[in-house]
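Have a look at the structure below, then the notes.
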Ligand SMILES: Cc1cc2nc3c(=O)[nH]c(=O)nc-3n(C[C@H](O)[C@H](O)[C@H](O)COP(=O)(O)OP(=O)(O)OC[C@H]3O[C@@H](n4cnc5c(N)ncnc54)[C@H](O)[C@@H]3O)c2cc1C
């Protein structure tokens, strides 16, 4: 006989751990299933840190969601007693007419996000160790910073369990059947039926939502840690995160947490991954040169060659925006997918939104722009 639960969450990474937390906070009977361990390094939510910011140049529609995300990260820190969000600030540099700098200013104008304009002379003093390219504009968002990514996932799960959620780790979902009357999940260990289902399986979403033709593409992304030559990037000396809109591409990174290295990466590009379970985690020769050139040009106090790396995956949609919606065959099945390499900062609010949709079918947060309908219209 199948095991029955009221609410079932598939995939307990960034989004699923938060959905489980929000459902359990409402006192509901909820089970979460995850194929690996807690805060593992085989999906999209690992590698120490994730940038969080409100001056959202991708689209201002995200800003109301970010305002709520900030509140919820704060609440989670308060209720768990853990420090998850470091408000070290974010420096953004790029051509004044570029989409990134224009988007930062649009967020400032439309939503009053606090953004400081930094003159080239001030930039030299405030951001030592950076050589700002000629003609670039520099902004600083003091309320931005980074999240400790694994700790966030772990904390959502710990708090969810303390609130009564059941968590099954190392259990793989093999099949998900959704019809008007039935929600049935087959794992490598049993069958589970549920009254309501949330699917947050990250890079594996196309497989777990095979009945839906979601336009998702999984790409392999590499994070690099480069050793420091001079101690000018240290978090404990007040340094923050950074994002550069270069003619060659977008590069970003974090202050040095331990003083020895800086983590950095390129946002665009990445090889297409056929099977996320077997993504190649070794460092390829082609993974390094573009970031090394950025380091040589912009961060002279850093060694251009990495001392270590990690491989992670982006799940991209054609327009780079997330997909958050209900299943057309059964409105009690909801999903969040295609976070396109910029979703983690939203994990706190995505959990709340998915819990709203699963329990009441609606949410007061403005997510219409993330509907899957945009791909069929
Ligand atoms: C290199 C890199 C840098 C990034 N930088 C930033 C950043 O600075 N700021 C930012 O906001 N975002 C950033 N992102 C994006 C962000 O990390 C992701 O959007 C987010 O983590 C996606 O979370 P998720 O829950 O969708 O996926 P995941 O966290 O991967 O969770 C999916 C979970 O589902 C489980 N699962 C899947 N299939 C099954 C199955 N069949 N059975 C059981 N369990 C299953 C997986 O094991 C996994 O735990 C970055 C991503 C990468 C890769």
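See the values below:
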quantity	calculated
Residue selected from segment 22-64 under the condition farther than 16 Å from residue 200 by Cβ and part of a helix (DSSP H, G or I), by the criterion farthest from the ligand (Cβ to nearest atom)	25
Residue 318, sole failed condition from (1) farther than 21 Å from residue 17 by Cβ; (2) surrounded by 17 or more Cβ atoms within 10 Å (Cβ to Cβ); (3) more than 13 Å from the ligand (Cβ to nearest atom)	(2)
Failed item in (1) within 19 Å of the chain's Cα centre (by Cα); (2) in the same structural domain as residue 355 (by TED's automatic domain parsing), with residue 221 passing the rest	(2)
Residue within segment 101-110 that is at pLDDT below 95 and at negative phi present	no
Count of segment 219-255 residues which are part of a strand (DSSP E or B) and within 16 Å of the ligand (Cβ to nearest atom)	18
Only listed residue being within 19 Å of residue 246 (Cβ to Cβ), touching a helix residue (DSSP H, G or I) at 6+ places or on another chain (Cβ under 9 Å) and either surrounded by fewer than 16 Cβ atoms within 10 Å (Cβ to Cβ) or at pLDDT 95 or above (or both), chosen from 96, 60	96
Qualifying residue in segment 287-298 (condition: part of a loop (DSSP other than H, G, I, E, B) and within 14 Å of the ligand (Cβ to nearest atom))	no
Residue match in segment 107-114 (condition: under 14 Å from residue 244 (Cβ atoms) and either touching a residue at least 40 places away in the same chain (Cβ under 8 Å) or in contact with a helix residue (DSSP H, G or I) (Cβ under 8 Å, 6 or more places away or on another chain) (or both))	no
Sole exception among (1) touching a residue at least 60 places away in the same chain (Cβ under 8 Å); (2) in contact with a strand residue (DSSP E or B) (Cβ under 8 Å, 6 or more places away or on another chain); (3) buried (at least 19 other Cβ atoms within 10 Å of the Cβ) for residue 65, by number	(2)
Residue within segment 329-348 that is away from the ligand (no atom under 14 Å from the Cβ), outside the structural domain of residue 179 (by TED's automatic domain parsing), more than 22 Å from residue 43 (Cα to Cα) and assigned to a strand (DSSP E or B) present	no
Lone qualifier among 158, 150 - being closer than 24 Å to residue 66 by Cβ and surrounded by 16 or more Cβ atoms within 10 Å (Cβ to Cβ)	150
Residue, farthest from residue 350 (Cα to Cα), within segment 175-208, restricted to residues that are within 14 Å of the ligand (Cβ to nearest atom) and out of contact with any strand residue (DSSP E or B) (no Cβ under 7 Å at 6 or more places or on another chain)	189
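A quick yes/no check of all residues on (1) over 18 Å from residue 323 (Cα atoms); (2) outside the structural domain of residue 265 (by TED's automatic domain parsing); (3) free of Cβ contacts under 8 Å to residues at least 40 places away in the same chain; (4) buried (at least 16 other Cβ atoms within 10 Å of the Cβ):
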{"residue": "16", "(1), (2), (3), (4)": "no, yes, no, yes"}
{"residue": "33", "(1), (2), (3), (4)": "yes, yes, no, yes"}
{"residue": "41", "(1), (2), (3), (4)": "yes, yes, no, no"}
{"residue": "69", "(1), (2), (3), (4)": "no, yes, no, yes"}
{"residue": "72", "(1), (2), (3), (4)": "yes, yes, no, yes"}
{"residue": "77", "(1), (2), (3), (4)": "yes, yes, yes, no"}
{"residue": "81", "(1), (2), (3), (4)": "yes, yes, yes, no"}
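The values are calculated or read from the model by the stated rules, or taken from the named source; none is laboratory data. Everything numeric here is computed off the predicted structure, so don't read it as measured data. In this analysis, Cβ positions are derived from the backbone assuming ideal geometry, glycine residues included, and neighbour counts consider all displayed protein chains.
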